[in-house]
Amino acid sequence: MASLRELQASFAAALRDASVPCAVLPRENLSIYRNNAAISFRTALGLSFPVLRRRVGDDYFRELAGRYRRQHPSRSGDLHWVGRDFAAFLAADLHGTEYAWLADLARLEWSREQAAVGTMHAAISVDALARFAPEQLEHLAFTLQPSLRLHASDFPIFTIWAANQTDNAPPVDQFLAGECGLVRTRVDGVEVRRLEPRVFSYLSALSAGAPLGEAVSTAGLDQSALVQALGFVFHEALVCAVALKVARPAS
Amino acid sequence: MARLESRGVRPGPIPACAGIGLRSVHHQDLLNERPAVGWIEAHTENYFHEGGAAVRALERARADYPLSLHGVGLGLGSVDGVDREHLARVRHAIARFEPALVSEHACWGHSGGEFFNDLLPLPYTDEAVELLARQVGEAQNALGTRLLIENVSAYVAFEHSRLHEWEFLTAVADLSGCGLLLDVNNVYVSSKNLGLDARAFIEGLPEGSVGEIHLAGHSRNGAVLIDDHGSHVCDEVWQLYRLAIARFDATPTLIEWDTNIPALSTLVAESQRADSMLGELRGLAA
């Protein structure tokens with residue numbers, strides 16, 4: 001008699017491929033389980049990428065979800081994770097096509113999905129800087145909100161995202177100029193916000209651990225803008241910790 | 001609609017009356033209207049995240065209603081074993097929300113690293129009894145609580161099955177020490193799909209083995225009944241329910257609705273129907 005391991009393996013194989021035999025009756029009812037798995041997967045994916053689904057329509061979304069699932073089947077009993085590899089899949093699958101921009105949109109939506117279930121950590125106030133001398137400011141490094149995600153795209157993904165929050169939104173020309181911005185958890189929701197490129201590059205540098213002076217230079221901001229740039233991250237409650245980053249002496 | 005008075009402390013055990021399955025579309029209505037239902041049940045996997053609107057809503061609802069957490073993702077009968085990470089998340093949810101009951105299903109769900117995110121049926125064999133009982137026992141140890149294990153609806157039966165489903169469940173409960181969650185609609189759906197006797201199922205489970213009952217609607221696709229939780233409980237299932245509560249004594253009873261979800265007041269009204277049947281039973285017993 002077949003072992004339980006063999007029975008589950010043949011059931012699983014029959015769910016993947018209708019031509020594989022499996023010792024159940026009525027056999028044709030296996031299609032109910034086959035459809036359930038595909039529908040659960042596609043529905044969960046659609047909930048994580050609502051704007052993308054709206055933009056491509058249900059038929060093409062179903063096709064994308066099917067191709068994606070064959071390469072990246074669900075790896076968890078928790079369906080919330082099925083979209084984890086979707087942006088990377090789209091980047092490879094749609095490379096060089098007129099739909100290449102969907103990968104960047106998917107990255108933005110996945111960040112939004114993560115931020116929606118994240119927590120906002122306590123932000124420190126600008127008063128924390130009082131213990132540093134003015135000449136030390138440029139050497140300060142910041143720990144930013146862990147939910148902060150920064151996105152830059154060659155396509156206008158923030159405009160597309162904002163314009164497609166309801167069904168039947170008018171299309172946005174995806175060949176407008178590229179955009180950058182942030183996604184993060186707020187106390188009672190999520191913030192998705194387009195940023196001016198220099199502010200984006202400043203935040204990206206800070207987020208990568210660069211001290212303030214270096215981040216300001218990287219962003220192409222004048223050093224006189226340092227205090228203003230500093231004020232921005234505190235005003236936006238983005239800073240969770242601050243530390244003096246001493247440059248290593250040249251050897 | 002009658003309103004629940006806030007008690008200010010986290011309510012305790014699940015009372016032997018009707019409750020409703022809490023779905024995210026009803027979070028705000030439940031918090032605003034505070035309908036007088038005996039308890040609520042939430043799908044554990046929907047409250048795994050650290051933050052977000054769903055966990056905030058459940059935290060608030062939890063303050064006023066006894067809570068049951070009902071898992072759908074552990075796949076306790078999978079030969080590949082129980083996903084440790086998933087189990088740790090369930091444990092975290094239990095510590096956070098302090099449910100009075102925790103339940104899962106007599107099913108499997110993953111094979112070769114692929115999860116089907118469905119409640120797949122087991123063959124009713126001694127080998128499957130041993131595996132499910134062992135893994136239910138492991139989960140109970142890891143979670144620090146006794147589980148109620150639910151019978152699933154089935155669209156196919158394994159040719160290898162040697163036991164009746166109720167014999168299978170009874171043996172799993174005996175070996176693992178778990179209780180049973182009797183889904184009466186699932187009994188009905190499986191009996192119609194597979195040509196089985198629903199009354200024999202209910203009469204076959206030992207008295208005292210059932211700690212909770214589920215009720216829901218189903219749909220029909222040709223000759224097959226689909227367990228979609230998308231409509232009212234049908235008359236035949238209410239009749240089986242009457243049989244079940246007489247046999248298992250007054251038992252906490254949940255109304256579940258997962259597709260075509262109506263207004264919260266419709267779920268509350270359906271729960272009142274279960275409550276009135278429980279009341280009739282108590283009247284007969286008095």
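Tabulated results
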item	result
Per-residue Cβ neighbour rank within 10 angstrom, fewest leading, B:Arg56, A:Arg69	B:Arg56, A:Arg69
Shape call, chain A: gyration tensor on alpha carbons, a/c limit 1.5	prolate
Computed E for B:Ala269/A:Ala88 - FRET, C-beta separation, R0 41 angstrom, nearest 0.05	0.30
Angstrom value of the Kirkwood radius, inverse mean 1/r, which spans all Cα pairs in chain B	19.1
Set of region B:163-187 residues, backbone N closer than 16 Å to the point 7 Å along the Cα-Cβ line of B:Thr145	B:178-181
Anisotropy class of region A:166-215 from Cα gyration tensor, a/c 1.5 cut	oblate
Mean separation of Cα contacts under 8 Å, 6 or more apart, over the residue count of chain A: relative contact order %	18
Shielding score for A:12-18, defined as the mean number of other chain Cβ atoms within 10 Å	3
Prolate/oblate/rounded label for the protein assembly as shown (Cα gyration tensor, a/c 1.5)	prolate
DSSP-defined beta bridges in the protein assembly as shown - what % are antiparallel, rounded to 5	50
Average Cα contact separation per residue, chain B, under 8 Å, 6 or more apart, as relative contact order %	18
Residue-span extension gain [A:Arg70 to A:Ala243] - 0.36 nm each, minus C-alpha spacing	57.6 nm
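All of the numbers you see were taken from the coordinates with simple rules; none came from a lab. These figures come from a predicted structure and were not determined experimentally. Cβ sites come from the backbone with ideal geometry, for glycine too, and all protein chains shown count toward neighbours.
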